[in-house]
Amino acid sequence: MAVFRALERAEDHPTAEELHTALRDLVPGFALKTVYAILRELADLELVESIPVSLGATRWEPNTDPHGHLVCDNCRRVLDLPVDPTVLMPLVRRAGRRFTLRGASLIVHGRCDRCAGG
Ligand SMILES: [Zn+2]
Ligand SMILES: [Zn+2]
């Protein structure tokens, strides 16, 4: 489970490509398509999840507690926001759209500390 361990170590919601780069040196002949296959398998088992934001390549993280994300529009860094997105669900319910709720995600856009200065 080298892929899962690498994902647990990474704090920056890596893409499959970034995981592949990190593992290539440890596992000779490790193919990118293997990383994709393993991520899909782990996602089916609900051990990892992808971040619901379109930033080009899909970002992955180990599935921990529900939380939101801060996305830097400049460098595309994805940071954790310790808020349970399901707090939004009562608001949606109150809006009375006859919408059956399944889940919620929270993405906040802006600039990260590294980019704010420039
Ligand atoms: Zn940034
Ligand atoms: Zn996260």
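The values are calculated or read from the model by the stated rules, or taken from the named source; none is laboratory data. Being a predicted model, the structure only gives us computed values, none of them experimental. So basically every Cβ, Gly included, is an ideal-geometry build from the backbone, and we count neighbours across all protein chains shown.
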message: Looking only at segment 64-118, how many residues end up being in a helix (DSSP H, G or I), in contact with a Leu (Cβ under 8 Å, 6 or more places away or on another chain) and aliphatic (A, V, I, L, M)?
response: 3
- prompt: What is the number of the single condition among (1) more than 14 Å from ligand 2 (Cβ to nearest atom); (2) within 28 Å of Leu23 (Cβ to Cβ) that Val48 does not meet?
  reply: (1)
task: Hey, can you tell me all the residues within segment 18-63 that are in a helix (DSSP H, G or I) and under 24 Å from Leu81 (Cβ atoms)?
output: Glu18, Leu19, Leu39, Leu42, Ala43
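Residue by residue, here is whether (1) under 14 Å from Ala10 (Cβ atoms); (2) modelled with pLDDT under 90; (3) polar (S, T, N, Q); (4) outside the structural domain of His109 (by TED's automatic domain parsing) holds:
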position	(1), (2), (3), (4)
His20	yes, no, no, yes
Asp25	no, yes, no, yes
Pro28	no, yes, no, yes
Ala37	no, no, no, yes
Glu41	no, no, no, yes
Glu46	no, yes, no, yes
Ile51	yes, yes, no, yes
Ser54	no, yes, yes, yes
statement: Within segment 64-107, the residues that are away from ligand 1 (no atom under 13 Å from the Cβ) and β-branched (Val, Ile, Thr) are Thr64, Val83, Thr86, Val87, Val92, Thr100, Ile107
- prompt: When the residues of segment 58-91 are filtered to those that are loosely packed, with under 13 Cβ neighbours inside 10 Å and of a type in the set (A, V, I, L, M), which remaining residue is nearest to Cys112 (Cα to Cα)?
  reply: Val87
query: Does at least one position in segment 18-41 carry a residue that is in contact (Cβ under 8 Å) with a residue 40 or more places away in the chain and under 12 Å from the mean Cα position of the chain (by Cα)?
result: no
